[in-house]
Amino acid sequence: MNVLLVGRTPAVIAEVLEQVDAPATTFYTGNSLEDVVAVLERTQVDHVILGGGLDLDTRLQIVRSVFESSTSTTVHMNSPSGPDSYLPFVRAVLRGFGR
């Protein structure tokens, strides 16, 4: 399974990667629309997990980009903002996949 983690800062993403155990999962990361587009152009992504720290316009542009590039990729959006909410959200999403 390929998962794209998108957050406001690289430090938040790095912390999530250090603390999440998902052995059958390949993680890609990004902090902007440009990062997301670059990953989607080179990789089939199964799930995109968006952090709530990104501004709403950026999150909406990312969702549009994902939906325009794939009919099978799902998007999961964290609504609270801040690094303390992202890790629990990512864990909950991954648990939903049986990970």
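Bear in mind these aren't lab numbers, they're just calculated from the coordinates by the rules spelled out. As the structure is a prediction and not an experimental result, all values here were calculated from the model. Every residue, glycine as well, gets a Cβ built from its backbone with ideal geometry; the counts of neighbours run over all protein chains shown.
Among (i) 51, 27, 19; (ii) 39, 26, 20; (iii) 30, 28, 20, find the value of Cα extents along the principal axes in Å that was calculated from the structure presented, and write down its label.
Derived directly from the coordinates: (iii).
Can you give the relative contact order of the chain as a percent, counting alpha carbon pairs under 8 Å and 6+ residues apart? Spell out each step's value before the answer.
Details: 137 pairs, mean separation 31.3, N = 99.
Computed value for the chain: 32 percent relative contact order.
Can you tell me the alpha carbon radius of gyration of region 26-67 divided by the globular rule-of-thumb value 2.2 N^0.38 Å? Mind showing how you got there, number by number?
On the way: Rg = 9.6 Å, N = 42, 2.2 N^0.38 = 9.1 Å.
So the Cα radius of gyration is 1.06 times the expected 2.2 N^0.38 Å.
Only Cα pairs under 8 Å and at least 6 apart count here; give the relative contact order of region 19-74 as a rounded whole percent. Could the numbers behind the result be given before it?
Numbers: 24 pairs, mean separation 21.3, N = 56.
The value is 38 percent.
If each residue of separation counts as 0.36 nm, what is the full-extension length gain between Arg64 and Gln44 once their alpha-carbon separation is subtracted? Intermediate values should be presented prior to the final figure.
On the way: separation 20, 0.36 × 20 = 7.20 nm, distance 1.61 nm.
Result: 5.6 nm gained on full extension.
Return Phe27, Phe67 ranked ascending by Cβ neighbour count within 10 Å, so the fewest neighbours appear first.
Working: Phe27 16, Phe67 11.
Starting with the residue having the fewest Cβ neighbours, the order is Phe67, Phe27.
Quote to one decimal, in nm, the extra length available between Glu18 and Arg95 on full extension: 0.36 nm per residue of separation minus the C-alpha distance between them.
Numbers: separation 77, 0.36 × 77 = 27.72 nm, distance 1.66 nm.
My answer for the length gained is 26.1 nm.
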